[in-house]
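The values are calculated or read from the model by the stated rules, or taken from the named source; none is laboratory data. Not measured: the values here are computed from a predicted model. A quick note on method: Cβ atoms are made from the backbone with ideal geometry, for glycine too, and the neighbour counts reach across all protein chains shown.
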Amino acid sequence: MSREILLNAFHMNCIGHQSHGLWTHPRDTARHYNTLSYWCDLAKTLERGLFDGLFLADVLGVYDVYGNSPDAALRNATQVPVNDPLMLVPAMAMVTEHLGFGVTCTLSYEPPYTFARRMTTLDHLTNGRIGWNIVTGYLNSAAQGMGQQGQESHDRRYEMAEDYMQVVYKLWEGSWEDGAVVEDRSAGIFADPAKVHRVHHDGPFYQLDAMHLCEPSPQRTPLLYQAGASPKGREFAARNAECLFIAATSPEWIKGYVADMRTRAVAAGRRPDDLKIFAICTPVVGATKAEAEAKLADYRCYVRTEGALAQLSGAMGVNLADYDLDTPVSALGNLETDATQTALETLARASGNPYSTIRQMAEFAGIGGRTPIFTGTGADVAEEIISWVDRTGVDGFNLAYAVMPETFEDFVNHVVPELQTRGRYKTAYTPGPLRTKLFGRARLADNHPAAAARTSLKI
Ligand SMILES: Cc1cc2nc3c(=O)[nH]c(=O)nc-3n(C[C@H](O)[C@H](O)[C@H](O)COP(=O)(O)O)c2cc1C
């Protein structure tokens, strides 16, 4: 039987996530991103559609690569202003029971000791529904905000990430044994000190000598998401990630990536299906194909290419203001940058891209970002999703939006029932934590590197 397809909604705690200029669309409500009701309403819609998760991106720093200035980003609300994503989670958890929350946090600017506590707190408050998208950032402006000259190099950031993971694994998995909380009221003993261990870590980048401050939460380690796609990124992901994201428009490229990552997982001592892999798309749904196409044409009227250029320049680490807009994107293909190397790879070099010049790329990325757009009736979009899953071997999709909350409401109302009719989507949630829903167990698998931390601290 064909597998059920996994779905995340893709958003960010800002006004202009990946649809640049669409905040000016008369039906778009993203401007209310700074209210709890905006997020709680979204969470309820997604849970009605049995979404596995809401995936919240986050990019520390401002997009100031384009024109060497933040002006274009500010004019277009291109991921600025941007609020803290973690703060949204308790409110949304309160109005839902099953929806997972995959939250992006960069590890480059926060010590593992405090970060581990914040994630455990959220795992408690959501009853085991928290995930962490592990990123290292890509904007120099973030490093400057932290008092540094600029960010560390791309590959060195991954080396730091590997060391960081060893620390948080020890805190989450090894510091408190399962039986540490005794909660014996008659004896007046809450925790058994013999079962709470100090973490000693003396790594190349991080040192620590402390116990974790939180008692074990339902999942201990949050569900681990990652999107590395460069050689270093893939190595890191194959060892550490449980869920992977990719942004690419070519099914052939995605198929190759999926095969490569499952092979790398095995080489890292894991099973191929220990990785759940998500492609990305932007659905535009209408009662008829023609209506959906008219909707997309209407959306396109609101795209601001300047906003897209600001975002693309930051992600690629290339100042696109230095180029004539009619320059072929292939001209960017040989540049080496310290931002996201894969952004360059998939935007400039990958075969099957539906654009050839920088202008066309910016116009294309203006709706949903670097994603294919699936346009049609609920049945058309469901068929397209199923076809991509079956052709590429991905486990599911991250859905970007064009207009908030219209994109997600349309999807829940019209695409979800079609996926269900075809037997490719759940009709009810599995009870339990987020990891249980996706992998059938609340805790990380024994073949994951974090498992080593469970015993090493008891010696
Ligand atoms: C769907 C998706 C979402 C991403 N979200 C973020 C994000 O929120 N914050 C961030 O700093 N990087 C984000 N990234 C970038 C990745 O962390 C990573 O840097 C990128 O995929 C390139 O991989 P590489 O660094 O190995 O070249 C995202 C990537 C993808 C594909």
Go through the range 39-146 and tell me which helices (runs of 4 or more DSSP H), entirely inside it, have 3 or more residues that are away from the ligand (no atom under 16 Å from the Cβ).
-> 71-76, 89-94, 112-125
Mind listing just one residue for me: the one in the range 241-260 that is assigned to a helix (DSSP H, G or I) and out of contact with any strand residue (DSSP E or B) (no Cβ under 6 Å at 6 or more places or on another chain) and, of those, nearest to the ligand (Cβ to nearest atom)?
-> Tyr257
Of the residues in the range 167-184, those that are surrounded by fewer than 19 Cβ atoms within 10 Å (Cβ to Cβ) and in contact (Cβ under 8 Å) with a residue 24 or more places away in the chain come to Glu177, Asp178, Ala180, Val181
Only residues that are surrounded by fewer than 21 Cβ atoms within 10 Å (Cβ to Cβ) and in contact with a Cys (Cβ under 8 Å, 6 or more places away or on another chain): list them for the range 276-303, please.
-> Lys276
Any chance the range 407-430 includes a residue that's in a helix (DSSP H, G or I), under 30 Å from Val196 (Cβ atoms) and out of contact with any strand residue (DSSP E or B) (no Cβ under 7 Å at 6 or more places or on another chain)?
-> no
Evaluate the range 195-204: report whether one residue or more is of a type in the set (A, V, I, L, M) and without any contact (Cβ under 8 Å) to a residue 60 or more places away in the chain.
-> yes
Only one of these is at pLDDT 95 or above, within 16 Å of the ligand (Cβ to nearest atom) and assigned to a helix (DSSP H, G or I): Glu173, Glu162. Name it.
-> Glu162
Within the range 313-326, considering residues that are in a helix (DSSP H, G or I) and within 13 Å of the ligand (Cβ to nearest atom), the one farthest from Gly16 (Cα to Cα) | Met316
Here are some residues: Leu74, Leu46, Leu56. Which one is out of contact with any Lys or Arg (no Cβ under 9 Å at 6 or more places or on another chain), closer than 30 Å to Leu320 by Cβ and crowded, with 17+ Cβ neighbours inside 10 Å?
-> Leu56
If you scan the range 203-239, which residues turn out to be part of a helix (DSSP H, G or I) and either within 9 Å of the ligand (Cβ to nearest atom) or surrounded by 22 or more Cβ atoms within 10 Å (Cβ to Cβ) (or both)?
-> Pro231, Lys232, Gly233, Arg234, Phe236, Ala237, Ala238
